[in-house]
Each structure stands twice: as structure tokens, then as C-alpha cells.
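This report concerns only the one structure given below.
Computed from the coordinates by the stated procedures, all read-outs in this text should not be read as laboratory data. Since the structure is predicted, the reported quantities are computational estimates derived from the model, not experimental observations. Cβ: placed from backbone, ideal geometry, glycine included. Neighbour counts: every protein chain shown.
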Amino acid sequence: MLGLMQNWPLTVDKILDHAKAWHGETEIVTRSVEGPIVRTTYAQVHERAKRMSNALKGLGVKPGDRVATLAWNTARHIEAWYAIMGIGAVCHTLNPRLFPDQLCYIVNHAEDQIIFTDLTFLPVLAEHRAKLTSVKHIVVLTDEAHMDAAAAIPGALCFETLVVQNSADCEWGGFDENTAAGLCYTSGTTGNPKGVLYSHRSNFLHTLVTLNADVMALRAQDVVLPVVPMFHANAWGIAFSAPAVGAKLVMPGPKLDGASVHELLESEGVTFSAAVPTVWQMLLTHLRDTGGKLSTLKRVVIGGSAVPESIVRAFKGDYGVEVTHAWGMTETSPLGTQATPNAAIAAMPAEEQIRYRLKQGRAPLGIEMKLTDDAGARLPHDGTTFGRLKVKGPFVVREYFKGEGGEILDSEGFFDTGDVATIDEHGFMQITDRAKDVIKSGGEWISSIEIENLAVGHPKAAIAAVIGAAHPKWDERPVLLVKLKDGETATKQEFLDFLEGKIAKWWTPDDVVFVDDIPLGATGKIDKKLIRERMKDYVLPTAEKAKERA
Ligand code: AMP
């Protein structure tokens, strides 16, 4: 017997309809790519997005067509998103930090018909335009006064002109909630990037889950600054969840440095923000250098890579800001877990709670999790056994776009995240490594992430990375690479002494190498692949000794 409740398809256009109806005057403030701070409202964004939907139809966009965006977090970018998704086309967010060859591959693979771009990316598009074979139009997210910058792209269209030329009378939705809404390619550390094709339903459900009080807990009273880009796993869903509750949005545009983020936090009264650790590191450095304060910020969510203890302590201790650590991936829309204390952890002394706050956290309703060995057998949740982390749920990928990579679920329908983790008795998951970065020493696993996070807490360290280097006896041993803060000098022994007692003795790096640069990938994470390539001729001093002895 079926239930007798209404069938109200969970399509994301309803989110902006709701924001317009009940929070129409709430502001969206943008640091525009052109420079000035620009203010608009949910009502205006809704109307302009409808006009843009008509413009897209006029340009020949049909349901299911892919329309790309190559853009920073701005109100215009939100308008483009809802304009595309509202008419059943697929919004494909392109990550401008990818190499041009990868970008071209992705655009062609997705068969994007149109690209919305910020002024920033006109040079790269102009240079590679001829290779983008499916693209019929390029729409520049600007006004006529700035269109000179697009002179190198014949036929480029102006966003503001299209808005003015089209009517706001446009029907949104009316299709199945399983219709594709968004497309985002994974950073592709192995093989070609693969597309994750979100549906309206998966985005809608992800929105409801992230609004949970134990997850992002956004409210109409909040002022939300998503530093995490809309091109990195949908800004962790904030372009949906903020309008869903009618929170004021503050969009940082292209400027993500410490001073610019701080200025917006203070001038707009931001209460909630989300970003990867490197962004917060830049902000904290700026605050220390300038003596700046955080007078309105209450909560930040940090994810994308493991949060170092020094960041959690600085936010809470120096500025009274609550940090919650979250884990997720493009394939999970992206939220997978968040380290919000349960009752037992909340009852612990603050110092003891830190141990849990540094873990990646527990699963909200909608995410199933398990650990397995390489053969797929389930492993215990005892907080110490490492295993492959696998997840399942209504906003977890089932198959990559165009079937790339073949079958990706196990026999129980779980997706292998490629992360290695533990799960403790409170259900708190902790990532110990990417499966391919874990250091295999004498048949045991060493977590590169754990050593990195401790090492970066050394007062002289700006950033640290750990990789495995070949060793004749142990297979691999850890090497710590450190980029020091400007003007600092340090010895290898200082770092080894700093780690002593914090990690098991056999985890101690065999060498510490000081480097000028630790490369970051397209989503702000340490690029281990590139580091390994740069270090390919490196030989561990301990490996040489072991050889001499043999
Ligand atoms: P992406 O799809 O680019 O967002 O990358 C997802 C991957 O980032 C995950 O599979 C993890 O390896 C890593 N990641 C995300 N959040 C965290 C976190 N809080 N701690 C450690 N690694 C993380």
C-alpha cells in the first residue's frame, strides 16, 4: 500500500523559490570580480536567474544539456546555477585551478554547450577556445562596461545584457526529482578526472542533512561566508543550504587571502564560515600579524583535508570561535561526516574533547559507513584498526558520468572512498590516510596525515608534508618535508625532538628535508603526487646505511 501524501518532487529550484517567498529582502553581498562590493537580495537573484533561464533557452539549451561555470563565489554565479538547474539542464562547475589541458578534457568529456566565465579566466579560455569543440557560447559574468576584456573571444556574450534582454516569466521544475542537476569532476589524482553527476533529489536531501543541528546548523539569523568555492564540491552545499533557511550570504569573489577574508568577516558581521585548512591558516597568520579580532564569527567548518590541532586551538583559545571538522568528497555531495560531540564527548573535559574534535567525525542520517580490509571483509570499530572506508547513501555516487571507471560499488552497494580510516566506539571516524599515501613500513601502516598535522604545529613550520621513501629493509619509511615560516631556520633534530612522545617511535621520520615549496593541488590539498615526483631521486640516509650493512 502506498502512502497518501503529496508528491512534491525534491527539485532545487524550490529552494530559491522558498528564499524569494519568505526571505526575499535578505541580502547576498559579493566582493565582485570587478572590484566593488555589490549588494543584492534573494528576490532579485530569483528574478534575474529566471531571466537567465530564458536566455539559456534562447541560446538553445535543452533539458539534460551541460552548461559549465568557470567562476568564483559571487551572486551572479548563484544566478547562473539556478538558471541552469531550474530548466532541467546540468550545471557543470569547472575548477579553474586545474591545468588547461585537464580543463579542456573535462569540458569536452562533459560536452558542455555553454560556459559562464568570470573576467579572470578569459585569457585561458581565449587561448584554448579552439579545443573546446562542444562549446557554442561563452557568457561573461559581467556588464557591458567590462566586455572589452573579452575581445579575444569573438562572439562572447555579456551576462548583464542577457539579463536585461530576457523576461523573468519562466517555469522552473516540473520534472522528475531524479533529473541530473549538477556535474563536478574529481580532482583525478590517478587517471583521468571522473564526473560525479548529482541529481535534484540528491542535492535536496544533502541540503536537509547539512542543515541538521549536529551538522552545519545554519539558521535564518546567520550570516554565512562560503570561502570554499562553488567549484569545489558545490561549496559544501552552501549555495543551497543558505537560501533554504534564508541566511544572509557573503560571497568572497576571487580574493581568498587572509586580509580580504578578514575584512568581509568583520564588515558584514559573518557568523558562520567554511573553508579548507590552508585558508584558515592564512587568516590566522593575518590576525596574528595585525592584531585583528573576530568580533562576530561564531562557528567555522573545516574540511577538505585534516584540520591541524594548532588551528582548532587558535580559533577557540584566541578568538572564541567554535571549529567543527568535517570530512567528505566530491562523490558524497560532499558531506560525509562531521565531528560534532555526542553527549558522552560533550561531558568530557575540554582538553579530552580535542582528541575527538580532531577526528573527521560521525555520520549523519543518510550516510552509512563501514571499514573493510583489502578483501572486503568488515573490520571492527575499535578506534585502532585501520581499514578502507566505504560509504553508502542517497547523496553518494552510484556510477561516474558516462560509466568511467566501471562498477564502483561493492556487493553491498558501498562506494570505496579511497581513504583509510578508523572508527571508534563513539562512531567517530578518523582518516589516517589516502589509501595511496599511507606509508607501508615492515608490513604495518603509518599515517602520513597524523605526522604532518603534528609537525605543522611546530612554531617554525609554515606547512609540512610526509611521504614514504623506499627502504631496503622496511619497504618504506616516512620522510618529513617542511617549509619554514619566512625568516626562520631550524635543524632536523628540532623537528624530531618536537615529534618525540607524540607518535609511536617507529613512526618517527627517518629524515627531515627543508624545502622552499610544498605544492598544493587544485582543491588546496597537498599534492603528494607532485612531491613524490620531485623527490624521485631522493635516497633516505637510513636506506644507504642499511645497504652498507647488508
Ligand atoms: P575532493 O573530492 O577533492 O573533495 O577530495 C576528497 C578527499 O579529500 C577525501 O577522500 C579525503 O581524502 C580528503 N579529505 C576531505 N576532508 C578531509 C578531512 N577532514 N580530513 C582528511 N582528509 C579529508
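What the table below lists for this structure:
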{"read-out": "Rounded Å value of the spacing that divides the Cα centres of the stretch 328-400 and the stretch 214-289", "value": "24 Å"}
{"read-out": "The stretch 70-165: GluC sites (Glu not before Pro) in DSSP loop, at most 16 other beta carbons within 10 Å", "value": "GLU111"}
{"read-out": "Vicinal HN-Hα couplings computed from phi for the stretch 172-182 (Karplus, 6.51 cos²θ - 1.76 cosθ + 1.60; Hz; Gly/Pro x)", "value": "9, x, x, 10, 4, 5, 7, 4, 5, 10, x"}
{"read-out": "For peptides 357-370, 238-251, sequence by mean Cβ density within 10 Å, most packed first", "value": "238-251, 357-370"}
{"read-out": "Electrostatic dipole magnitude of the chain [Cβ: Lys, Arg +1; Asp, Glu -1; Cα centre; debye, to 20]", "value": "180 debye"}
{"read-out": "Alpha-carbon centroids, the stretch 136-188 and the stretch 422-439: separation in whole Å", "value": "41 Å"}
{"read-out": "Residue-wise HN-Hα coupling along the stretch 63-80, computed from phi with Karplus coefficients 6.51, -1.76, 1.60 (Hz; x: Gly, Pro)", "value": "x, x, 5, 8, 10, 9, 10, 10, 7, 7, 6, 9, 5, 4, 5, 5, 4, 4"}
{"read-out": "Residues whose placed amide H lies under 5 Å from that of THR179, excluding near-sequence neighbours", "value": "HIS200, ARG201"}
{"read-out": "Pair LEU365, ASP497: separation of 7 Å Cα→Cβ label points (nm)", "value": "5.4 nm"}
{"read-out": "Which of PHE498, ALA464, THR542, positive extreme of dipole for the stretch 437-549 (C-beta unit charges)", "value": "THR542"}
{"read-out": "Residue-averaged [θ]222 nm for the chain, counting only DSSP H segments that reach four residues, each worth -39500 (n - 2.57)", "value": "-8000 deg cm²/dmol"}
{"read-out": "Cα Rg, Dmax (largest Cα-Cα span) when computed across the stretch 209-357, Å", "value": "14.5, 42"}
{"read-out": "Positive-end residue of VAL391, THR372, PRO36, charge dipole of the chain with Cβ unit charges", "value": "THR372"}
{"read-out": "Convex hull volume of the stretch 144-188 per residue (C-alpha atoms, cubic angstrom)", "value": "150 Å³"}
{"read-out": "Amide H contacts of GLY88 (H built 1.01 Å from N, under 5 Å, at least 5 apart or other chain)", "value": "GLY173"}
{"read-out": "Cross-link pairs beyond the 19 Å C-alpha cut-off, checked among LYS62/LYS136; LYS316/LYS492; LYS57/LYS136; LYS440/LYS529; LYS390/LYS436; LYS57/LYS248", "value": "LYS316/LYS492; LYS57/LYS248"}
{"read-out": "DSSP-assigned coil residues among GluC sites (Glu not before Pro) in the stretch 388-433, each with at most 12 further Cβ atoms within 10 Å", "value": "GLU407, GLU412, GLU425"}
{"read-out": "Dipole magnitude of the stretch 437-549, debye to nearest 20 (Cβ charges: Lys/Arg +1, Asp/Glu -1, about Cα centre)", "value": "220 debye"}
{"read-out": "Normalised per residue, the volume of the convex hull around the Cα set of the chain (Å³)", "value": "172 Å³"}
{"read-out": "Charge dipole of the chain about the Cα centre (unit charges at C-beta), most positive-ward option of LEU284, PRO63, ALA217", "value": "PRO63"}
{"read-out": "Stokes-Einstein D in µm²/s, Kirkwood radius over Cα pairs - the stretch 21-164 at 25 °C with 0.890 mPa s viscosity", "value": "160 µm²/s"}
{"read-out": "Ellipsoid semi-axes in whole angstrom, largest first, where each is sqrt(5λ) of the Cα gyration tensor of the stretch 338-393", "value": "25, 14, 8"}
{"read-out": "Ascending count of other beta-carbon atoms within 10 Å, so fewest first, for SER167, SER310", "value": "SER167, SER310"}
{"read-out": "Cα-based convex hull, the stretch 437-549, per residue volume (Å³, whole number)", "value": "107 Å³"}
{"read-out": "Additional length obtainable on full extension of the chain from GLU171 to SER134, 0.36 nm per residue less Cα span", "value": "10.6 nm"}
{"read-out": "³J(HN,Hα), Karplus 6.51/-1.76/1.60, whole Hz, each residue of the stretch 225-239, x for Gly, Pro", "value": "10, x, 6, 4, x, 4, 8, 10, 6, 6, 6, 6, x, 5, 5"}
{"read-out": "For the stretch 123-273, size of Cβ-based charge dipole, Lys and Arg +1, Asp and Glu -1, in debye", "value": "560 debye"}
{"read-out": "Extension gain, VAL164 back to GLU309 (0.36 nm per residue minus Cα-Cα distance, nm)", "value": "47.2 nm"}
